[in-house]
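**Q** Have a look at this one.
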Amino acid sequence: MTNPDSTQNKMEKITALCKRRGFVFAGSEIYGGFVGSFDYGPYGVELANNIKAAWWEAMVQHERNIVGLDSAIVTHPKVWEASGHVGGFSDPMVECKECNTRSRADHLLEELDVFADEKMTIEEINTIFDANRDKLVCPKCGSKNFGVVRKFNLLAQTNLGNFSEDWSKEPAYLRGETCQGIYINFKNVLDTTRVKVPFGIAQIGKAFRNEIAPRQYIFRKREFEQMEMQMFVAPAEEMSVYDIWKAKRMQYYIDMGFKPENLRFHEHENLVFYAKAAFDIEYNFPFGFKELEGVHARGNYDLTQHQTFSGVSMEYTDPYTNEKYIPHVVETSVGLDRTFLAVMTEFYDEDTIGEESRIVLRLPKKLAPIKVAVFPLLRNRPELVQKAEEVFALVSKEMRAEFDDNGNVGKRYRRQDEIGTPHCVTIDFDTLGENPELLDTVTVRNRDTGAQERIAIAELVNYLK
Ligand code: ATP
């Protein structure tokens with residue numbers, strides 16, 4: 001079930017707003033674009049930074065036993081052999097013989113409600129694909145003339161640090177996920193901090209995948225950002241810790257203000273052989289419920305693989321029982337870009353205030369790119385402008401603020417509503433003492449209700465906070 005306004009129309013409105021107001025630009029736009037790449041503009045980068053800060057606050061600051069990390073994007077190539085990415089990080093790809101468009105075979109089948117995924121063998125996928133060929137059409141040209149399905153490896157290669165001409169024989173890789181950087185630093189963190197199992201390591205950073213068919217705007221990009229946390233636990237505790245994190249991660253979105261009916265769990269139909277459990281948290285995007293975040297119980301596969309490939313022991317000795325084991329891992333993994341799109345979808349709204357219709361982003365204050373906008377009532381009255389500049393200097397020390405003296409105040413409100421600014425502050429003649437009782441007070445207007453209050457400048461920062 002999709003929500004009532006989960007329509008193509010809503011997606012178009014969101015992408016138009018993102019472009020018009022400088023949240024998201026198509027990557028390399030002046031060169032005609034670059035598929036799967038997008039740039040965050042001035043308000044987009046503020047929103048993205050706020051999303052990352054909210055995640056870090058919940059995952060690191062509020063947790064006693066989780067620490068942070070920022071590992072390198074390009075690592076020793078063996079990392080990706082150990083992780084299984086060089087051998088098996090692939091998606092099933094099929095090419096249209098008429099227009100040469102490449103598609104994900106599993107995504108084409110999904111549209112028919114037929115299940116297939118990258119964990120199946122290529123023979124299994126081809127059997128399912130063949131059984132449905134008469135119903136499958138190329139999304140570009142509508143032809144049914146597809147080739148055979150083959151596996152396409154998603155790891156992107158680089159010659160960083162390799163100066164030979166045929167470097168692709170020994171490539172390094174742009175990381176396909178951030179968590180491998182966490183696994184290879186497990187020992188470093190253990191040896192240099194006071195953490196004891198169970199403990200977690202959290203990381204935010206770029207990941208790269210040669211996605212066959214990037215689509216749905218910033219939902220599926222080739223260069224994207226992940227926010228991942230790996231909790232290292234005793235084998236016997238893996239499933240109880242898993243249940244805790246599964247619930248916590250769902251609650252995180254509810255606490256942020258998402259409607260519960262726009263979120264749901266989806267259990268993986270097909271687990272990789274080492275995994276104990278895997279659920280996705282799906283969000284009701286304008287194109288329907290899709291994966292926002294994965295919560296996985298991964299056993300001790302990852303650390304065991306790195307122990308085997310590096311020769312370095314990943315064993316942990318319990319300080320109380322002296323029991324030795326390779327810790328098991330509970331992972332939470334979410335994309336920044338998907339969270340960005342979910343936030344825009346969830347908090348985009350249209351309503352009317354008085355006679356005027358408006359677009360309003362009802363963003364939680366924590367996420368709003370600009371927390372307060374400061375306006376002089378008139379831009380051609382230096383005494384108003386000067387006072388407004390003083391107020392701007394005061395509030396901008398404490399929070400991200402914007403100064404706007406362009407157009408009438410109504411227009412300025414509309415502009416701030418569209419980018420989700422919770423409060424607008426206007427400096428008028430009463431601020432300057434025209435009405436002596438209102439000297440050094442300002443009008444503060446609330447984004448959601450349009451209600452206005454008179455607040456003393458001396459109280460303003462506290463009020464806004
Ligand atoms: P999907 O099935 O949609 O390709 P996945 O299961 O491969 O996703 P994971 O490998 O579990 O994704 O990655 C964890 C998270 O990283 C996802 O839940 C998603 O939020 C994000 N993510 C993965 N691939 C992309 C991408 N190409 N663009 C943007 N975000 C992504």
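**Q** With each pseudo-label sitting 7 Å past Cα toward Cβ, what's the LEU378-GLU110 distance in nm, one decimal?
**A** 5.8
**Q** Let me ask something else. Hey, with R₀ at 51 Å, roughly what FRET efficiency would HIS268 and ALA393 work out to, going by the Cβ-Cβ distance, to 0.05?
**A** Details: r = 53 Å, r/R0 = 1.04.
Working from the Cβ atoms, E equals 0.45.
**Q** Where in the stretch 283-309 is the amide nitrogen less than 18 Å from a point lying 7 Å along the Cα-to-Cβ axis of GLU81?
**A** 302-309
**Q** Continuing with the same structure: Applying 1/(1 + (r/R0)^6) with R0 = 25 Å to the Cβ-Cβ distance of ASP255 and ASN49, what FRET efficiency is obtained, to the nearest 0.05?
**A** 0.80
**Q** Separate question: Rank by packing, highest mean first: peptides 131-139, 332-340, 169-177, with packing defined as the count of other Cβ atoms within 10 Å averaged across residues.
**A** Put in order of decreasing packing, that is 332-340, 169-177, 131-139.
**Q** Here is a further query. Please give me, ordered by residue number, the GluC sites (Glu not before Pro) of the stretch 58-130 that lie in loop per DSSP and have at most 13 other Cβ atoms within 10 Å. Walk me through the numbers before you get to the answer.
**A** On the way: sites: GLU63, GLU81, GLU95, GLU98, GLU110, GLU111, GLU118, GLU123, GLU124; in loops: GLU63, GLU98, GLU111, GLU118.
Filter output for the stretch 58-130: GLU111.
**Q** While we're here: Can you give me the angle between helix 8-20 and the longest principal axis of the chain, using Cα atoms only, in degrees from 0 to 90, rounded to the nearest 10?
**A** 60
**Q** Further, regarding this structure: Under a Cβ-Cβ limit of 4.7 Å, which cysteines in the chain have nobody to pair with?
**A** CYS18, CYS179, CYS424
**Q** At 222 nm, what value in deg cm²/dmol follows for the chain if DSSP H runs of at least 4 each add -39500 (n - 2.57) and the sum is divided by all its residues, to the nearest 500?
**A** Calculated from helices alone, the mean residue ellipticity at 222 nm is -9000 deg cm²/dmol.
**Q** Same structure again: May I ask you to order 392-402, 296-306 by the average number of other C-beta atoms within 10 Å around their residues, highest value first?
**A** Highest-to-lowest ranking by the protection proxy: 296-306, 392-402.
**Q** What is the percent carbon and sulfur in the accessible area of the chain, measuring with a 1.4 Å probe over the protein chains and ignoring ligands? It would help to have the intermediate numbers written out before the result.
**A** Numbers: 11180 of 21970 Å².
The nonpolar share, carbon plus sulfur, comes to 51 percent.
**Q** Per residue, what accessible area does the stretch 157-283 have, given a 1.4 Å probe and all protein chains present, in Å²?
**A** Working: 5860 Å² over 127 residues.
In whole numbers, the stretch 157-283 has 46 Å² accessible per residue.
**Q** What does the charge count near THR317 come to, summing +1 for each Lys or Arg and -1 for each Asp or Glu among other residues with Cβ under 10 Å from its Cβ? Numbers along the way, then the final one.
**A** On the way: positive: LYS324; negative: GLU315, ASP318, GLU323.
Net charge around THR317: -2.
**Q** Name the GluC sites (Glu not before Pro) in the stretch 310-356 that are in a loop by DSSP and that have at most 16 other C-beta atoms within 10 Å, would you?
**A** On the way: sites: GLU315, GLU323, GLU331, GLU346, GLU350, GLU355, GLU356; in loops: GLU315, GLU323, GLU355.
Here the sparse-neighbourhood loop sites are GLU315, GLU323, GLU355.
**Q** Do any GluC sites (Glu not before Pro) in the stretch 228-300 lie in a DSSP loop with no more than 12 other beta carbon atoms within 10 Å, and if so, which? Numbers along the way, then the final one.
**A** Numbers: sites: GLU228, GLU237, GLU238, GLU261, GLU267, GLU269, GLU282, GLU291, GLU293; in loops: GLU269.
Filter output for the stretch 228-300: GLU269.
**Q** So what's the stretch 71-174 giving for Cα Rg divided by 2.2 N^0.38 Å, two decimals? Don't skip to the end; give the middle numbers.
**A** Working: Rg = 16.9 Å, N = 104, 2.2 N^0.38 = 12.8 Å.
Scaled against compact globular proteins, the figure is 1.31.
**Q** What order do ARG412, ARG264 take when sorted by accessible area (1.4 Å probe), most exposed first?
**A** On the way: ARG412 5, ARG264 100 Å².
The residues order as ARG264, ARG412, largest area first.
**Q** Pairing the Cα long axis of helix 409-419 with the longest principal axis of the chain, what angle in degrees results, from 0 to 90 and rounded to the nearest 10?
**A** Approximately 10 degrees, to the nearest 10.
**Q** Work from the charge dipole of the stretch 207-282 (Cβ charges, +1 for Lys and Arg, -1 for Asp and Glu, about the Cα centre) and give the residue of LEU271, PRO214, MET229 farthest towards its positive end.
**A** Checking the options against the dipole of the stretch 207-282, the answer is PRO214.
**Q** Treating only the Cβ of Lys, Arg, Asp and Glu as charged (+1, +1, -1, -1), what charge dipole size does the stretch 15-166 show about its Cα centre? Round to the nearest 20 debye. Provide the component values of the computation, followed by the final result.
**A** On the way: 16 positive and 22 negative charges, 83 e Å.
The calculation lands at about 400 debye.
**Q** Any idea of ASP349's accessible area? Nearest 10 Å², probe 1.4 Å.
**A** Counting only protein heavy atoms, the figure is 50 Å².
**Q** Compute the accessible area per residue over the stretch 90-153, keeping the other protein chains in place, probe 1.4 Å, unit Å². Kindly include the intermediate steps, with their values, before the conclusion.
**A** Working: 3430 Å² over 64 residues.
That works out to 54 Å² per residue.
**Q** Can you compute the modelled spin-label distance between GLU323 and SER164, with each label point 7 Å from Cα toward Cβ, in nm?
**A** 4.7
**Q** Between rounded, prolate and oblate, where does the stretch 370-464 land on the alpha carbon gyration tensor, with a ≥ b ≥ c its root eigenvalues, rounded for a/c under 1.5, else prolate if a/b exceeds b/c?
**A** Numbers: a/c = 1.42, a/b = 1.25, b/c = 1.14.
Verdict is rounded for the stretch 370-464.
**Q** Can you check how the C-alpha radius of gyration of the stretch 294-374 compares to 2.2 N^0.38 Å, as a plain ratio? Show your work: numbers first, answer last.
**A** Numbers: Rg = 23.8 Å, N = 81, 2.2 N^0.38 = 11.7 Å.
Its radius of gyration relative to the 2.2 N^0.38 Å reference: 2.04.
**Q** A further question on this structure: Give me the one-decimal Kirkwood hydrodynamic radius in Å for the stretch 9-70, with the sum taken over alpha-carbon pairs.
**A** On the way: mean 1/r = 0.0731 Å⁻¹.
For the stretch 9-70, inverting the mean 1/r across all distinct Cα pairs yields 13.7 Å.
**Q** Mind jotting down the distance between the C-alpha centroids of the stretch 51-68 and the stretch 378-431, whole Å?
**A** With the stretch 378-431 and the stretch 51-68 each reduced to a Cα centre, they are spaced 33 Å.
**Q** Ordering THR121, THR352, THR345 from largest to smallest accessible area (1.4 angstrom probe), what's the sequence?
**A** From most accessible down to least: THR352, THR121, THR345.
**Q** Work out the length of the dipole vector of the stretch 370-464 about its Cα centre, built from +1 on the beta-carbon of each Lys and Arg and -1 on the beta-carbon of each Asp and Glu, and round it to the nearest 20 debye.
**A** Working: 13 positive and 17 negative charges, 83 e Å.
Charge dipole of the stretch 370-464: 400 debye, to the nearest 20.
**Q** Which pairs break 29 Å Cα to Cα here: LYS13/LYS465; LYS246/LYS397; LYS221/LYS248; LYS19/LYS140? Could you put the intermediate results ahead of the total?
**A** Numbers: LYS13/LYS465 31 Å; LYS246/LYS397 38 Å; LYS221/LYS248 27 Å; LYS19/LYS140 25 Å.
Over 29 Å Cα-Cα: LYS13/LYS465; LYS246/LYS397.
**Q** Among bridges DSSP assigns within the stretch 370-464, what percent are antiparallel (round to 5)? Mind dumping the intermediate values first?
**A** Values: 9 of 17 bridges.
Looking only at bridges with both residues in the stretch 370-464, the antiparallel portion is about 55 percent.
**Q** Of GLN452, PHE429, MET399, which is farthest towards the positive pole of the stretch 370-464's charge dipole, taken about the Cα centre with +1 and -1 on the beta-carbons of Lys, Arg and Asp, Glu respectively?
**A** Result: MET399.
**Q** Same structure again: Using a Förster distance of 45 angstrom, determine the FRET efficiency expected from the C-beta separation of THR101 and ASP448, and round it to 0.05.
**A** On the way: r = 44 Å, r/R0 = 0.98.
E between THR101 and ASP448, to the nearest 0.05, is 0.55.
**Q** Let me ask something else about it. Specify the angular offset, from 0 to 90 degrees and rounded to the nearest 10, of the alpha carbon long axis of helix 301-310 from the longest principal axis of the alpha carbons in the chain.
**A** Result, in degrees: 70.
**Q** Here is a further query. Take the eigenvalues of the Cα gyration tensor for the chain, scale each by 5, and report the square roots as semi-axes in whole Å, largest first. Mind dumping the intermediate values first?
**A** On the way: eigenvalues 410, 174, 84 Å².
Working through the eigenvalues yields semi-axes of 45, 29, 20 Å.
**Q** Rank GLY87, ASN65, ILE51 by how far each Cα sits towards the positive end of the charge dipole of the stretch 50-99 (+1 on Lys, Arg Cβ; -1 on Asp, Glu Cβ) and give me just the farthest.
**A** Final value for the positive-end residue is ASN65.
The values are calculated or read from the model by the stated rules, or taken from the named source; none is laboratory data. This is a predicted model, so every value here is computed, not measured. Here the Cβ is made from the backbone with ideal geometry for all residues, glycine too, and neighbour counts use every protein chain on show. Accessible surface areas use protein heavy atoms only, side chains included; no ligands, DNA or RNA. Shrake-Rupley method; radii C 1.70, N 1.55, O 1.52, S 1.80 Å.
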